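Here's the structure, in structure tokens; my notes come after.
The values are calculated or read from the model by the stated rules, or taken from the named source; none is laboratory data. Source: prediction; values computed, not measured. Neighbour counts are summed over all protein chains in view; Cβ atoms, including those assigned to glycine, are modelled from backbone coordinates with ideal geometry.
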Amino acid sequence: MLDIVIIGSGPAGLTAAIYATRAKLDLLVIEENFVSGGQVINTYEVDNYPGLPGINGFDLAMKMREHAEKLGAVFVNEKVTEVSLYGAVKTVKTEDNTYEAKTVLIATGASHRKLGCPGEEEFAGKGVSYCATCDGAFYRDKAVAVMGGGNTAIEDAIFLSRLCSRVYVIHRRDELRADRALQEKLFAAENVEMVWSGVISSIEGDEKVGIVRVRSTKDGSERTIEVSGVFVAVGIVPLSGLFASQVETDEAGYIVAGEDGETNIPGVFAVGDVRTKNLRQIITAASDGANAVTSAEKYLNTCS
């Protein structure tokens, strides 16, 4: 029987694997995708991870994976189809195998809700971003667009207005959903232009983003806006569905867990973007992985 099964190998899962191997735990990392790293592999350049400014997101993920493997972490490329998390022995089933472990660490992450328009996938990491605090600095003194009308979108637009020459906030309605205080800050910024009742119908460019086409939700007319970047902030979806019938989640589907990673089920931990938290960044995901393994060690010690 394994000491711990880690489901997912983004920064949180990879850091957990590093800490678990150093703690001499018998572990297995299960990753559905062919490449580790989660969302970070789609980031063209990471400029806020300490000690590695400007590193490519894919390269950062590979360094984390190599670190874990060098220490002896074992990885399998399988899709988890079923879990049983209650009791002293946890069961994790994949399409090919069944694994038993004393603890389970959920590191499945989250996915940004997509626009679904032409060009979005093509220019991901090449002008299309889902994190203004991560990538905003690359668009200093350039024009950008923000799609969305909630708190995240408006916070992103305010942040970008301090860096960019022009910020177009595109919202499908004629009024924002964001808090009034945020709206006041946004409207006070002289370089912000609101594009009401519009949705991005396509994102175009050569090697990088050059324009967005915006379609009116009222009359269907189109407008073309020249921008170097598009920041999509129309929501995020935690990848927690497989566990939601067993672990506690909030209204948005995030697994309820604090800094220690502990869920409502003893021996089950949640880390990274899948858990309830204020800041979803690579460094906070890595911190989660370290904290949760420490919690798992304590749990294992009490059960031995």
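Restricting the first member to the range 88-111 and to residues that are over 13 Å from Phe243 (Cα atoms), and the second to residues that are of a type in the set (Val, Ile, Thr) and at pLDDT below 95, the beta-carbon pairs closer than 7 Å and six or more apart or on different chains are Ala110/Ile236; Ala110/Val237; Ser111/Val237.
Kindly indicate whether any position in the range 266-275 is in the same structural domain as Thr21 (by TED's automatic domain parsing), closer than 19 Å to Lys90 by Cβ and surrounded by fewer than 17 Cβ atoms within 10 Å (Cβ to Cβ). Yes, the conditions are met somewhere in the range 266-275.
On the stretch given as the range 1-32, residues that are part of a loop (DSSP other than H, G, I, E, B) and either among the aromatic types (Phe, Trp, Tyr) or touching a residue at least 12 places away in the same chain (Cβ under 8 Å) (or both) total 8. Applying a threshold of 7 Å to beta carbon distances and a minimum spacing of six or more residues, or different chains, the list of pairs starting in the range 53-70 at a residue that is of a type in the set (A, V, I, L, M, F, W, C) and ending at one that is surrounded by 15 or more Cβ atoms within 10 Å (Cβ to Cβ) and not in a helix (DSSP H, G or I) reads Ile55/Val46; Ile55/Tyr49; Phe58/Gly37; Leu60/Val46; Leu60/Tyr49; Ala61/Ser36; Ala61/Gly37.
Residue by residue, here is whether (1) modelled with pLDDT of 95 or more; (2) closer than 14 Å to Ala12 by Cα holds:
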| position | (1), (2) |
| --- | --- |
| Thr43 | no, no |
| Val46 | no, no |
| Leu52 | no, no |
| Gly57 | no, no |
| Lys63 | yes, yes |
| Ala68 | yes, yes |
| Val83 | yes, no |
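Within the range 256-272, take every residue that is in a strand (DSSP E or B) and in contact with a Gly (Cβ under 8 Å, 6 or more places away or on another chain) and give me the one that is farthest from Lys298 (Cα to Cα). This residue is Ala270. If you go through the range 58-77 and keep only what is out of contact with any Gly (no Cβ under 9 Å at 6 or more places or on another chain) and surrounded by fewer than 17 Cβ atoms within 10 Å (Cβ to Cβ), you end up with Asp59, Lys63, Glu66, His67, Lys70, Leu71, Gly72, Val74, Val76, Asn77.
Table: residues versus (1) in a strand (DSSP E or B); (2) within 20 Å of Gly267 (Cα to Cα).
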| position | (1), (2) |
| --- | --- |
| Val35 | no, no |
| Asn48 | no, no |
| Ala68 | no, no |
| Gly87 | no, yes |
| Thr91 | yes, yes |
| Ala101 | yes, yes |
| Thr108 | no, yes |
| Lys114 | no, no |
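Here the range 276-304 is the region considered, the condition is being among the β-branched types (Val, Ile, Thr) and buried (at least 23 other Cβ atoms within 10 Å of the Cβ), and the residue that is nearest to Asp156 (Cα to Cα) is Ile282. Determine whether Val40 is in the same structural domain as Thr103 (by TED's automatic domain parsing), in contact with a Cys (Cβ under 9 Å, 6 or more places away or on another chain) and not basic (Lys, Arg). Judged against the criteria, Val40 is not a match.
Restricting attention to the range 207-247, the residues that are assigned to a loop (DSSP other than H, G, I, E, B) and either over 30 Å from Lys90 (Cα atoms) or in contact with a Lys or Arg (Cβ under 8 Å, 6 or more places away or on another chain) (or both) add up to 12. Within the range 193-202, the set of residues being in contact with a Lys or Arg (Cβ under 8 Å, 6 or more places away or on another chain) and assigned to a strand (DSSP E or B) comprises Glu193, Val195, Gly198, Val199, Ile200, Ser201, Ser202. Filtering the range 96-112 to residues that are surrounded by 18 or more Cβ atoms within 10 Å (Cβ to Cβ), touching an Asp or Glu at 6+ places or on another chain (Cβ under 8 Å) and not aliphatic (A, V, I, L, M) leaves Lys102, Thr103, Gly109.
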